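A short worksheet on the structure shown next.
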Amino acid sequence: MKNIFFLVTIAVLAFSCESEISEAELGEKTTVKIEPIYAGATPANSGDTVFQGGDVVKGDVINAKFKITNTGKIPLIIAGIKAGCGCTETTEVPKNPIAPGDFYIIEGKVKTAELSAKNINKYIKVEANVSPYPLMLRIKGNMK
């Protein structure tokens, strides 16, 4: 009986050590390239994480798109995509990891009918295995 208990204890310890290794692998980070996607020409003041929505009239919707390319050597795992406020809608989280070299399009829609400020500055938070964490995407514009 003591031998069986001893063998079960050793087996549990062996499997618990294996799960620690898996957790360390899950903690690895990858790198990404972020590019705003525009229907026309790219604005001059555009940054990688900023979509310039330009001048809009109250009631318009700013449709922003960001291409997130995995430039690292391990899969990009996006765990969450969250809008900074209720006036902004976002894309669903991808069901599968993004392989190195592949990309995913994150869309954000800002409904200006619900806004009162003239300067629009909205955020989309992307929770993923990247550094810095989280990725913060911005949608900017000016309401006339």
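Throughout, read-outs are computed from the coordinates displayed, never taken from laboratory work. All of these numbers come straight from a predicted model, not from anything done at the bench. Cβ atoms come from the backbone with ideal geometry, glycine included; neighbour counts cover every protein chain shown.
Structure summary
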| quantity | calculated |
| --- | --- |
| Built amide H within the under 5 Å cut-off of V50, gap 5+ | R138 |
| Long-range HN-HN contacts of D102 with modeled amide H, under 5 Å | N70 |
| Around K82: net Lys/Arg minus Asp/Glu count, Cβ-Cβ under 10 Å | 0 |
| Relative contact order %, region 29-143, counting alpha carbon pairs below 8 Å whose residues are six or more apart | 33 percent |
| Distance-filtered residues of region 108-140 - backbone nitrogen under 16 Å, label point 7 angstrom along C85 Cα→Cβ | 109-125, 137-140 |
| ³J(HN,Hα), Karplus 6.51/-1.76/1.60, whole Hz, each residue of region 119-132, x for Gly, Pro | 8, 9, 8, 10, 10, 10, 9, 10, 8, 8, 7, 10, 10, x |
| Pairs from K29/K118; K29/K65; K33/K82 whose Cα-Cα separation, in the structure shown, is over 31 Å | K29/K118 |
| Reciprocal mean inverse distance between Cα atoms of region 29-143 - Kirkwood radius, Å | 14.5 Å |
| Local electrostatic count, D102, Cβ distance below 12 Å [Lys/Arg +1, Asp/Glu -1] | +2 |
| From phi via Karplus (6.51, -1.76, 1.60), per-residue ³J(HN,Hα) for region 65-80 in Hz, x at Gly/Pro | 9, 10, 8, 9, 9, 7, 9, x, 10, 10, x, 8, 10, 9, 8, x |
